[in-house]
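Comments concern the structure below.
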Amino acid sequence: MNSIWIARDLEGNLMGFRSKPIRNNERAEWDKSVKEPYGMWELHAGWFPQLTWNDEPIELVINEKEDL
């Protein structure tokens, strides 16, 4: 099972992470896990509009499609 974590910063940027990020209140953004130093990228801001800075990160599970 593969998954990514998504979270939105205070400015509205939606970010994806390989492991659950940690809230950084001083910078009003999410920090990537020490375990995954390069596991962070910006996602389309229009996705998941219900997700805000006040929410906890959401884990998205990615299922591989089987060949038919």
How many of the residues making up region 16-32 are open to solvent by 30 Å² or more (accessible area, probe 1.4 Å) and either modelled with pLDDT of 90 or more or over 16 Å from residue 45 (Cα atoms) (or both)? 9
Here the qualifying pairs (Cβ atoms under 7 Å; residues six or more apart or on different chains; first in region 40-68 and on the phi > 0 side of the Ramachandran plot; second open to solvent by less than 80 Å² (accessible area, probe 1.4 Å)) come out as 48/6; 48/14
Select from region 33-67 the residues that are assigned to a loop (DSSP other than H, G, I, E, B), over 13 Å from residue 16 (Cβ atoms) and open to solvent by less than 80 Å² (accessible area, probe 1.4 Å) and write down the one among them that is modelled with the lowest pLDDT. 37
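The values are calculated or read from the model by the stated rules, or taken from the named source; none is laboratory data. On a predicted model such as this, the values are computed, not experimentally measured, just so you know. FYI the Cβ positions are ideal-geometry reconstructions off the backbone, even for glycines, and counts take in every protein chain you see. Heavy atoms of the whole protein, side chains included, go into the accessibility calculation; ligands, DNA and RNA do not. Shrake-Rupley method; radii C 1.70, N 1.55, O 1.52, S 1.80 Å.
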